[in-house]
Amino acid sequence: MEAEIYCAYGNGKVGRVVLAAAAKHLTPVVLELGGKSPVATRRIIAGKWGGNNGQACVSPDYIITTKDYAPKLVDALKTELKNFYGDDQLNSKDLSRIVSSNHFARLTKLLDDDKVSGKIVHGGQRDESNLKIAPTILLDVPEDSLIMTEEIFGPLLPILTLLKK
């Protein structure tokens, strides 16, 4: 028996695979595809890390702020993360696990990218055996890096800075 309709959630790569399979049988498809989701705000902790450790389609992918404000923003985020998760954020009982070992490996690849590995200003700790990654803030990552060109879907939050006009 063939499916009457395909429903899939994921990124553009997943969408292409599902559409190709469905096209062979002219089966209707419903796709919810994630993408880059920038935010420019001071209150992002709940939106990024409070919603399943960044593993939600509506979770912000990056913040845009001015160079002058970035240090204040980073300090405020660090303070609030400490208030919420404590000193040992990686082992906090409130920190969600990464959904699978494959997804953990994908997030690790984003962090280990030569273009961004030196840009971590908070977090970055990982525990592969428990599939946990601490809330991680990165500052001024290149726009052509993997973390900026692919959906993150995890606890990694780049901050891009602009010159004030």
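We did not get these values from a lab; they are worked out from the coordinates using the rules stated. None of the values given here were measured: they were computed from a predicted structure. Because the Cβ atoms are built from the backbone with ideal geometry, glycine has one as well, and the counts that use them run over all protein chains shown.
Once phi is turned into ³J(HN,Hα) by the Karplus curve 6.51 cos²θ - 1.76 cosθ + 1.60 with θ = phi - 60°, what whole-Hz value does each residue of region 153-160 show in order, with x for glycine and proline?
6, x, x, 9, 10, x, 10, 9
Going through the cross-link list K13/K109; K67/K132; K93/K119; K78/K115; K115/K164, which pairs have a Cα-Cα distance over 19 Å in this structure?
K67/K132; K93/K119; K78/K115; K115/K164
Under a plain spin-label model, where a point goes 7 Å from the Cα along Cα-to-Cβ, how far apart in nm are L162 and L31?
Once both label points are built, they end up 3.0 nm from each other.
Between D140 and Y9, what is the label-point separation in nm under the 7 Å Cα-to-beta-carbon projection?
Placing both labels 7 Å along Cα→Cβ, they lie 3.7 nm apart.
Residue-wise, which Karplus ³J(HN,Hα) couplings in Hz belong to region 131-138, taking 6.51 cos²θ - 1.76 cosθ + 1.60, θ = phi - 60°, and x for glycine or proline?
6, 10, 10, 5, x, 10, 10, 10
From the phi of every residue in region 93-110, what ³J(HN,Hα) in whole Hz does the Karplus formula 6.51 cos²θ - 1.76 cosθ + 1.60 yield, where θ is phi - 60° and glycine or proline is x?
Whole-Hz 3J(HN,Hα) from phi for region 93-110: 5, 8, 8, 6, 7, 6, 4, 7, 5, 5, 5, 4, 4, 5, 5, 4, 4, 4.
Going by amide H atoms built from the backbone, whose H comes under 5 Å of the H on Y62, apart from near neighbours?
S37, V39
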